[in-house]
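Here is the structure we will look at, set down as structure tokens.
The values are calculated or read from the model by the stated rules, or taken from the named source; none is laboratory data. Quick caveat: nothing in here was measured; it's all calculated off a predicted structure. FYI the Cβ positions are ideal-geometry reconstructions off the backbone, even for glycines, and counts take in every protein chain you see. To get the accessible areas, we keep the full protein, side chains included, count just its heavy atoms, and leave off ligands, DNA and RNA. Shrake-Rupley method; radii C 1.70, N 1.55, O 1.52, S 1.80 Å.
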Amino acid sequence: MIQKFEKVNKIKGELRLPGDKSISHRSVMFASMAEGKSLIKNCSNSADVNSTIECFKKLGALIEKKGELLIVNGAGSRNFKEPPSELYAGNSGTTARLITGILAAQNFKTVITGDESLSKRPMKRIIEPLSRMGAAIEASDTGTLPITIYPSDNLHAIEYELKVPSAQVKSAVILAALHLDQTTVIYEPVPTRNHTEIMLGLETELYKNGKKIYASAINYPEPFEMTVPSDISTAAFFIALTLLVPGSELVIKNVSLNETRTGILAVLKMMGANILIENEASENGEKTGDIRILSSDLVNTEISEEIIPNIIDEIPILSVAGVFAEGNFRINHAKELRYKESDRIAALCSNYKKLGLDVEEFEDGFEVGGNIKNNHVLFESYGDHRIAMAFAVMSMALERGGSVNEFESVAVSNPDFLKQLNEIVA
Ligand code: S3P
């Protein structure tokens, strides 16, 4: 579906956004693993989190939506049952990678599949550490889905240093470790999002710029009740839009402000963004707050290597803000972008070229600058939700507007994007 956007004259009002996707995935997984009833409020209504819900239903967890509430009756340790068919992770890397850690410790065989995009994404990064733990996992020659996980009677704790700064790899190892009495130690030299550690209450120590993390059966989840704070990655699109449209002001309520996720706010502030945090609080160990955004004149800034894992999902929308900012927008050390729902470096560069901008593509990033051609452009989303929303925002900031193809892909993280937009476009 091609979605057309007109130039927006003003953004005004207050928004409540759905629950953080990373925390929602984990809340469904941990509640399904725990023995008994858990209650989750404001769980993300994204297609990705639905994939996680469907997988755990097939494994025997009872999961029911009642209005705002998700009620999960979990199976308990090693009580999942062999699913009647393969587990389909859809477009969701988090589902496929994290669930593999759990399945590595079960006494039945499972097969995980995904959609076309997920079936191209690297799985060796989780198979390697899980195999070191004694897991029996088979992938295609290219190290991609479908993967088959067999029961193993040799699963054991390991000490492991992460080779890629990936919260998904870290979490897959932690989730397998929860089934073992001995302690697994994970060395994470570069910090990545730490929701798994917070939600499971794991012990951590400083290690290089990051953490050393300990996990074992004593950390196996118990039933819980929680409210999932709103998703800062979803908020980022509305933050950028408000900054770019003159005379605008927006408040986004109760957003997750976990410091492994707020890099986007830090970079935008360095660019001169007028962003205020109000009503700071804490919800199950996760920081939250309201974000007030006022339109601002932005100036591009240097983006450091260390902050890349923290802003990895926000780079598409950050670059859109950068195109409207003074100076060139440049990003490096971000090769991981090539392994997301699309090759996001290629996707961003090809769309910026459509606007007549000067684009230089690098293996690990790109630079964009120059003048925008004043035409209505049809942007290519590559079926990637974050590319679709980034170019929706771009279109609304352009004199002649713009269109985005395969716009239905936004449902992967935020099915209500257009509805939320209608609430705040004055
Ligand atoms: C996620 C981790 C990140 C992120 C993804 C969600 C998570 O991926 O890009 O959208 O929930 O753990 P990597 O850890 O693979 O970089």
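Results for (1) surrounded by 17 or more Cβ atoms within 10 Å (Cβ to Cβ); (2) under 19 Å from the mean Cα position of the chain (by Cα); (3) over 30 Å from Asp343 (Cα atoms); (4) within 16 Å of the ligand (Cβ to nearest atom), shown as yes or no for each residue.
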{"residue": "Leu241", "(1), (2), (3), (4)": "yes, no, no, no"}
{"residue": "Ile264", "(1), (2), (3), (4)": "yes, yes, no, yes"}
{"residue": "Glu286", "(1), (2), (3), (4)": "yes, yes, yes, yes"}
{"residue": "Val299", "(1), (2), (3), (4)": "no, no, no, no"}
{"residue": "Glu306", "(1), (2), (3), (4)": "no, yes, no, yes"}
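In the stretch 37-67, which residues are of a type in the set (S, T, N, Q) and out of contact with any His (no Cβ under 7 Å at 6 or more places or on another chain)? Within the stretch 37-67, Ser38, Asn42, Ser44, Asn45, Ser46, Asn50, Ser51 meet the criteria.
Take Ser282 and decide whether it is touching a helix residue (DSSP H, G or I) at 6+ places or on another chain (Cβ under 9 Å) and of a type in the set (Ser, Thr, Tyr). It is false that Ser282 is touching a helix residue (DSSP H, G or I) at 6+ places or on another chain (Cβ under 9 Å) and of a type in the set (Ser, Thr, Tyr).
Val49 meets the conditions (1) out of contact with any strand residue (DSSP E or B) (no Cβ under 7 Å at 6 or more places or on another chain); (2) away from the ligand (no atom under 15 Å from the Cβ) in every case but one. The failed one is (2). Within the stretch 64-92, if we keep just the residues that are within 25 Å of Leu418 (Cβ to Cβ) and of a type in the set (D, E, K, R), the residue that is least open to solvent (accessible area, probe 1.4 Å) turns out to be Lys65. When we screen Glu336, Glu360, Glu408, Glu423 for residues that are outside any helix (DSSP H, G or I) and either within 14 Å of the ligand (Cβ to nearest atom) or at pLDDT 95 or above (or both), the only hit is Glu360. Taking Asn274, is it over 27 Å from Ser32 (Cα atoms), open to solvent by 10 Å² or more (accessible area, probe 1.4 Å) and touching a strand residue (DSSP E or B) at 6+ places or on another chain (Cβ under 7 Å)? Yes: the conditions hold for Asn274. Residues that are closer than 30 Å to Val72 by Cα, touching a helix residue (DSSP H, G or I) at 6+ places or on another chain (Cβ under 6 Å) and either at pLDDT 95 or above or hydroxyl-bearing (Ser, Thr, Tyr) (or both) do occur in the stretch 183-190, at least one of them.
Quick one: in the stretch 23-41, which of the residues that are of a type in the set (Gly, Ala, Ser) and open to solvent by less than 10 Å² (accessible area, probe 1.4 Å) is farthest from Arg78 (Cα to Cα)? It comes out as Ser24. In the stretch 364-381, the residues that are more than 19 Å from Ala325 (Cβ to Cβ) form Cβ pairs under 9 Å with partners that are loosely packed, with under 14 Cβ neighbours inside 10 Å, at six or more places apart or across chains, as follows: Asn375/Arg400; His376/Lys4; His376/Arg400; Val377/Arg400; Leu378/Ile2. Among residues of the stretch 93-123 being within 26 Å of Ser46 (Cα to Cα) and among the basic types (Lys, Arg), the one that is surrounded by the fewest Cβ atoms within 10 Å (Cβ to Cβ) is Lys120. Going by what's in this entry, would Leu206 be described as farther than 22 Å from Pro221 by Cα and without any contact (Cβ under 8 Å) to a residue 12 or more places away in the chain? In short, yes.
Scanning the stretch 394-414 for residues that are surrounded by fewer than 18 Cβ atoms within 10 Å (Cβ to Cβ) and either out of contact with any Phe, Trp or Tyr (no Cβ under 8 Å at 6 or more places or on another chain) or farther than 23 Å from Ser295 by Cβ (or both) returns Glu399, Arg400, Ser403, Asn405, Glu406, Glu408.
Just the residues that are outside any strand (DSSP E or B), open to solvent by less than 30 Å² (accessible area, probe 1.4 Å) and not small (Gly, Ala, Ser), please, taken from the stretch 311-331. The answer is Ile311, Ile312, Asp313, Glu314, Ile315, Pro316, Ile317, Leu318, Val320, Val323. Residues in the stretch 4-43 that are within 16 Å of the ligand (Cβ to nearest atom), of a type in the set (Gly, Ala, Ser) and not in a helix (DSSP H, G or I): Gly19 only.
Of the residues that make up the stretch 51-63, is at least one assigned to a helix (DSSP H, G or I), under 21 Å from Lys170 (Cα atoms), open to solvent by 10 Å² or more (accessible area, probe 1.4 Å) and at pLDDT 95 or above? Yes, because at least one residue in the stretch 51-63 is assigned to a helix (DSSP H, G or I), under 21 Å from Lys170 (Cα atoms), open to solvent by 10 Å² or more (accessible area, probe 1.4 Å) and at pLDDT 95 or above.
The condition of being farther than 22 Å from Glu341 by Cβ, assigned by TED's automatic domain parsing to the domain that holds Tyr88, away from the ligand (no atom under 15 Å from the Cβ) and of a type in the set (Gly, Ala, Ser) holds for only one of Ser216, Ser152, that being Ser152.
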